[in-house]
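Student: First the structure, then my questions, so here it is.
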2 protein chains.
Amino acid sequence: MSVKIPKAGEPVRGSTSGKPIMVLFDLLGRRWALGIVWNLSTGPQTFRALQSNCASVSPTVLNTRLKELRECGIVMKGENGYELTAEGDELFTYLQPLGHWSQTWSHAAKLKEDQ
Amino acid sequence: MSVKIPKAGEPVRGSTSGKPIMVLFDLLGRRWALGIVWNLSTGPQTFRALQSNCASVSPTVLNTRLKELRECGIVMKGENGYELTAEGDELFTYLQPLGHWSQTWSHAAKLKEDQ
DNA sequence: GATATTGCTACATATATTGTAGCATGTATG
DNA sequence: CATACATGCTACAATATATGTAGCAATATC
């Protein structure tokens, strides 16, 4: 069974629009996809390194995600293992602000929980 | 069976760190979560409206996602259906640039495919 | 009080993810 | 050369999640 990889301009999992943003969301809305991009932002990593940084990801899924991300031009295989492409790097710059936001969000969530 | 909802500061699905960004990624890395936030950014929507905007989402999953997003303070129920909270709105402002980026990305992917 | 719309729940089926084992290849070490 | 270790996977069973369809209860509309 081959993995369905979202292609630009093509419908994705039921979305008949094929809107690029929905294609992207479909890709990133798979387990560990965001985490992989995030982890690779600090530089190339071997398969095993990624595996231990993405805590509980199974090699099966890691490999599947890496395949998908490679086919979509976000990740590539280099000398030192897997790394972000120029595009992947650009994507990361848009993801990065979420790091800071998530902290304030998490803080707010905690306060609410403590009430 | 209750849905495990990521809580700030708590470990998530095997990630023992509980880093906020990983908590957020765990939440957003579930099917349709990103799409729901995106769709709600234009204003409140009824359950059924959301359902038809998120093409193939099943009511089961839509309801599960909405519950999760509500518990995490990103979505709330208002007079006119579901809508983003102030925090959700803020999250969206960080997501928004991805809309434009996804278009150039999709374009690049197409060119590559055509070679 | 009949009809329509909305917000779901139920449930069977299909798909995705996890967790563990382990193999093939490459490189370093005796 | 042998053997030991790391790396990049694949296989596969068990479990969790998502889809698709049906339909029900509650409210609004005629």
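The values are calculated or read from the model by the stated rules, or taken from the named source; none is laboratory data. Computed from a prediction, not measured in an experiment: that's the story for all the values here. All Cβ positions, glycine included, derive from the backbone under ideal geometry; neighbour counts span all protein chains shown. With ligands, DNA and RNA removed, areas are computed over all heavy atoms of the protein, side chains included. Shrake-Rupley method; radii C 1.70, N 1.55, O 1.52, S 1.80 Å.
Student: Distances from B:Pro59 to the same residue in each other copy, label points 7 Å out along Cα→Cβ, in nm, shortest first?
Tutor: So the label point of B:Pro59 gives 4.4 nm to the other copies.
Student: On a 29 Å Cα-Cα criterion, which of the cross-link pairs B:Lys19/B:Lys67; A:Lys110/B:Lys77; A:Lys77/A:Lys110; A:Lys77/B:Lys19; A:Lys77/B:Lys112 come out too long?
Tutor: A:Lys77/A:Lys110
Student: Using DSSP to call loops (not H, G, I, E or B), can you name the GluC sites (Glu not before Pro) in the stretch B:51-115 whose Cβ has at most 14 other Cβ atoms within 10 angstrom?
Tutor: The qualifying sites are B:Glu79.
Student: For A:Ala86 and A:Lys110, calculate 0.36 nm times their separation in residues minus their Cα-Cα distance, and state this gained length in nm to one decimal.
Tutor: On the way: separation 24, 0.36 × 24 = 8.64 nm, distance 3.66 nm.
Here the answer is 5.0 nm.
Student: Express the relative contact order of the stretch B:20-108 as a whole percentage, based on alpha carbon pairs under 8 Å and six or more residues apart in sequence.
Tutor: Averaging sequence separation for qualifying contacts and normalising by length gives 28 percent for the stretch B:20-108.
Student: At 7 angstrom along the Cα-to-beta-carbon line, where would the label on A:His100 sit relative to the other copies? Give the distances in nm, shortest first.
Tutor: Its label point is 1.8 nm from the equivalent points in the other copies.
Student: Taking a label point 7 Å out from Cα toward Cβ, give me the nm distances from A:Thr42 to the same spot in the other copies, shortest first, one decimal.
Tutor: Spacings between copies for this position, smallest first, are 4.0 nm.
Student: Between chains B and A there is a rotation axis; tell me the chain B residue with the nearest beta carbon and how many whole Å away it sits.
Tutor: Nearest-to-axis residue on chain B, with distance in whole Å, is B:Gly29, 3.
Student: Let me check the size of the stretch A:7-87 from its C-alpha atoms; what are the radius of gyration and Dmax in Å?
Tutor: Final numbers for Rg and Dmax: 13.0, 39 Å.
Student: At a probe size of 1.4 Å, how large is the accessible area of A:Ser52, to the nearest 10 Å²?
Tutor: Result for A:Ser52: roughly 80 Å² accessible.
Student: Just to verify a number: what accessible area does B:Asp89 come out at with the full protein assembly present, 1.4 Å probe, Å² rounded to tens?
Tutor: Accessible area of B:Asp89: about 80 Å².
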